[in-house]
1. Looking at the stretch A:1-28, which of the residues that are open to solvent by 50 Å² or more (accessible area, probe 1.4 Å) and part of a loop (DSSP other than H, G, I, E, B) is farthest from A:Y74 (Cα to Cα)?
2. Residues of the stretch A:59-71 being in contact with a Leu (Cβ under 7 Å, 6 or more places away or on another chain) and within 12 Å of chain B (Cβ to nearest Cβ), which ones?
3. Could you run through the stretch B:34-80 and say how many residues are open to solvent by less than 10 Å² (accessible area, probe 1.4 Å) and either at pLDDT below 95 or of a type in the set (V, I, T) (or both)?
4. Among the residues of the stretch A:42-55, are any within 13 Å of the chain's Cα centre (by Cα), at the interface with chain B (Cβ under 7 Å from one of its Cβ atoms) and either within 21 Å of B:P16 (Cβ to Cβ) or among the polar types (S, T, N, Q) (or both)?
5. Quick one: is B:V13 facing another protein chain (nearest Cβ under 9 Å) and farther than 30 Å from A:S34 by Cα?
6. Test A:E31 against the stated conditions and say whether it is over 18 Å from A:T8 (Cα atoms), open to solvent by less than 30 Å² (accessible area, probe 1.4 Å) and not aromatic (F, W, Y).
7. Just give me the residues in the stretch B:60-70 being over 12 Å from the mean Cα position of the chain (by Cα) and outside any helix (DSSP H, G or I), in sequence order.
2 protein chains.
Amino acid sequence: MKARVTITLKSGVLDPQGKAIESSLHGLGFEGVSGVRQGKMIELDLPQTDEAEARAEAERMCQRLLANPVMETYRIDLES
Amino acid sequence: MKARVTITLKSGVLDPQGKAIESSLHGLGFEGVSGVRQGKMIELDLPQTDEAEARAEAERMCQRLLANPVMETYRIDLES
């Protein structure tokens, strides 16, 4: 089963990369854009075929490695 | 309108970060995981309220700044 993990900074955390992208977009003439935030997206193939098992495995991966619980939140999407 | 741009490496392009994550996951005991690829996800608020206009604006942003057309592909999801 394919999993797609989207990891973003928690809303209160400063996002310097997002700010840099936003100012570059303004510099290129995209005046009205705002609220730019950058995150990570990780795709991976899991051996589990059962959705609940695959989700639990992906959760464990997020907690052990993929996401920093202090500053980041994550979302798991599964595709069979 | 909120746009979510997901930028990933084209399938033929080597993904060293994905490989590093994959070997770390194996080291943590997640033996069966494979095909790990990392991409970027950028969220932004667009002034356009019309979906077609918002998508066209996001497309222009991807082509001008957000995605490297040589190595990356992008997907745009809109949320009104």
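The values are calculated or read from the model by the stated rules, or taken from the named source; none is laboratory data. These figures come from a predicted structure and were not determined experimentally. Neighbour counts run over all protein chains shown; Cβ positions are idealised from the backbone, glycine included. Just so you know, the surface numbers come from the protein's heavy atoms only, side chains and all, with ligands and any DNA or RNA stripped out. Shrake-Rupley method; radii C 1.70, N 1.55, O 1.52, S 1.80 Å.
1. Among residues in the stretch A:1-28 that are open to solvent by 50 Å² or more (accessible area, probe 1.4 Å) and part of a loop (DSSP other than H, G, I, E, B), the one farthest from A:Y74 (Cα to Cα) is A:L28.
2. The answer is A:M61, A:R64, A:L65.
3. 2
4. yes
5. Numbers: facing another protein chain (nearest Cβ under 9 Å): no; farther than 30 Å from A:S34 by Cα: yes.
Spelling it out, it is not the case that B:V13 is facing another protein chain (nearest Cβ under 9 Å) and farther than 30 Å from A:S34 by Cα.
6. Values: over 18 Å from A:T8 (Cα atoms): yes; open to solvent by less than 30 Å² (accessible area, probe 1.4 Å): no; not aromatic (F, W, Y): yes.
Answer is no for this residue.
7. Here is the first cut: in the stretch B:60-70, the residues over 12 Å from the mean Cα position of the chain (by Cα) are B:60-61, B:63-65, B:69-70.
Those that are over 12 Å from the mean Cα position of the chain (by Cα) and outside any helix (DSSP H, G or I): B:P69, B:V70.
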